1. Confirm whether A:Lys166 is among the basic types (Lys, Arg) and surrounded by fewer than 18 Cβ atoms within 10 Å (Cβ to Cβ).
2. Counting only residues that are in contact (Cβ under 8 Å) with a residue 40 or more places away in the chain and out of contact with any Leu (no Cβ under 9 Å at 6 or more places or on another chain), how many does region B:23-41 have?
3. Residues in region A:196-218 that are more than 15 Å from B:Val217 (Cβ to Cβ), within 12 Å of chain B (Cβ to nearest Cβ) and among the β-branched types (Val, Ile, Thr): how many?
4. Look at B:Val249 and say whether it is part of a strand (DSSP E or B), closer than 30 Å to A:Trp7 by Cα and out of contact with any Cys (no Cβ under 8 Å at 6 or more places or on another chain).
5. Across region A:52-68, what is the total count of residues that are of a type outside the set (S, T, N, Q) and within 6 Å of DNA strand C (Cβ to nearest atom)?
6. So which of A:Lys15, A:Lys71, A:Lys21, A:Lys105 ends up being more than 23 Å from B:Val198 (Cα to Cα), away from DNA strand C (no atom under 16 Å from the Cβ), out of contact with any His (no Cβ under 9 Å at 6 or more places or on another chain) and at pLDDT 90 or above?
7. When only residues in region B:175-193 that are more than 14 Å from every other protein chain (Cβ to nearest Cβ), surrounded by fewer than 21 Cβ atoms within 10 Å (Cβ to Cβ) and modelled with pLDDT of 90 or more count, which is nearest to B:Gln151 (Cα to Cα)?
8. Go through (1) on the phi > 0 side of the Ramachandran plot; (2) buried (at least 16 other Cβ atoms within 10 Å of the Cβ) and name the single condition B:Ile196 misses.
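The values are calculated or read from the model by the stated rules, or taken from the named source; none is laboratory data. Remember, it's a predicted structure, so these values are computed and weren't measured experimentally. Glycine also receives a Cβ, built like all others from the backbone with ideal geometry; neighbour counts cover every protein chain displayed.
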Number of protein chains: 2
Amino acid sequence: MPEAMYWRIAQDLRKEIESGKLAPGAQLATELELRERYRASRNTVRDAVKWLVNRGLVETRPGQGTFVVEKIEPFVTTLSADPETGLGGGEGMAALAEVTAQGRKAEASTPLVEIQKAGTPLAELLQIQEGTQVVSRHQKRYIDGTPWSMQTSYYPMELVLRGAQKLIEATDIPEGTVRYLADTLGIRQVGCRDRIMVRPPNEGEVTFFRLPDNGRVAVVVISRTGYAADGTPFRTTFSVFPVDRNQFVINVGEVPDRPAVPT
Amino acid sequence: MPEAMYWRIAQDLRKEIESGKLAPGAQLATELELRERYRASRNTVRDAVKWLVNRGLVETRPGQGTFVVEKIEPFVTTLSADPETGLGGGEGMAALAEVTAQGRKAEASTPLVEIQKAGTPLAELLQIQEGTQVVSRHQKRYIDGTPWSMQTSYYPMELVLRGAQKLIEATDIPEGTVRYLADTLGIRQVGCRDRIMVRPPNEGEVTFFRLPDNGRVAVVVISRTGYAADGTPFRTTFSVFPVDRNQFVINVGEVPDRPAVPT
DNA sequence: GCAAATTTGTTCGTATGTATT
DNA sequence: CAATACATACGAACAAATTTG
């Protein structure tokens, strides 16, 4: 009972890729060559190639050919946060420090500061009225020159009025905003809650991260909400990472140091 | 500069879906109807529909039609672990308790116990020689009847020889294996390290979780390695969750209780 | 710099098979 | 069994992107 021909062709090529016979970066036979090799019409071999493209095994470049996708060396981010100092998870300066510690070069764009009204999800996280004014601080991060993460932090506007002026300055806050708020307003972060979810990328994420335009590569969104001593949330940070180049580690209790090596 | 016709048709349908004009579960016009509506050939409207299928917006059922995919109510798992008692993160009985607490019905298959040789990644995590014998305990979990996660825990065979007989019995260990090992062998878990990654599902995962066969829905793999007081790892658990129905929460420090509501 | 050759992208027409109602 | 709807396959033509001579 033969399966569909395009399927058999696709499986044949898949095996060649997975066995390494077709190495990452290598060019596949052209559609015309495949047409002859499998004695099928061009549209049928194109269906087979589409099957591979949709699974992220190959990519086609008009005018050039079809190529086996290169695999990306994943970067490992430690999410474990010190509830006091602020955090350690892909946030602020701590993020950069972790990158350089792994022998890679980290860069970050200057913060983009905006005043916005809180939408439903944010208002819920910060336990404020929908439509309340919030400060948004946005940064893009790069590792070895490739886009690595986008981060947006939200603070109730009230904090600025109470004296945290630096929040609305488009400059890095070297000591970290959590530390800054503790020093300036005496708001200590006694705990935080991370929420992790995975979803398809939106248009802006596709272009910034240079993801395939078929939406195959998802993004991880980590929202971290910081809580003050009285139990009220006072800031939330959303970090967006493409799943094809990122892994995460959480340490609890006493764990030995170890270079985080991807699997 | 008109884009390709299949693209315009796809965008048109996408907008109808995203605006809610085509509700989840609703049936799209048939290919023949779309052919008339857009004055394109059937192959062209099929290309448009394929574009939507590859993004997971619709699904086609031979003999029936094309339907807008239903969105799934995500389940929230708390990963925060107590380094002592064991854990809280989607593991063992604790997992079941969290599910029922959210007013859902949890089930788990009886454990499948196997003796295996450790492969490279596992040997690295457990810091043992590659090829060393390990006990593997595998379980599948369901929430409200739908497949939710697959979990496989690995223990060095040595633990069984030292007296932890229950590890190789195909029965639930109600108090949890971490507690059991502490009671039986005096091995206390003083810390653990979680590693989170996202990858496409393999064949077994596609069939168990009933994922679309185009590999669009990725899975989250969380490996949790437990460390004893002397700093050596003594167990690793791999948990696999489909990303379309799961979110995760990590609490650090003092955070207020709050019903975990998906965004 | 340009034209030709190569390679993938889009569109149509047509025929037949398979699954469901 | 018949009607309906999607799945597979072939052939053909032209367009667009890229490389090559």
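1. In short, yes.
2. The number of residues fulfilling the criteria is 5.
3. 2
4. Against the criterion (part of a strand (DSSP E or B), closer than 30 Å to A:Trp7 by Cα and out of contact with any Cys (no Cβ under 8 Å at 6 or more places or on another chain)), B:Val249 does not qualify.
5. Total meeting the criteria: 3.
6. Only one candidate qualifies: A:Lys21.
7. Among residues in region B:175-193 that are more than 14 Å from every other protein chain (Cβ to nearest Cβ), surrounded by fewer than 21 Cβ atoms within 10 Å (Cβ to Cβ) and modelled with pLDDT of 90 or more, the one nearest to B:Gln151 (Cα to Cα) is B:Tyr180.
8. All conditions pass for B:Ile196, except number (1).
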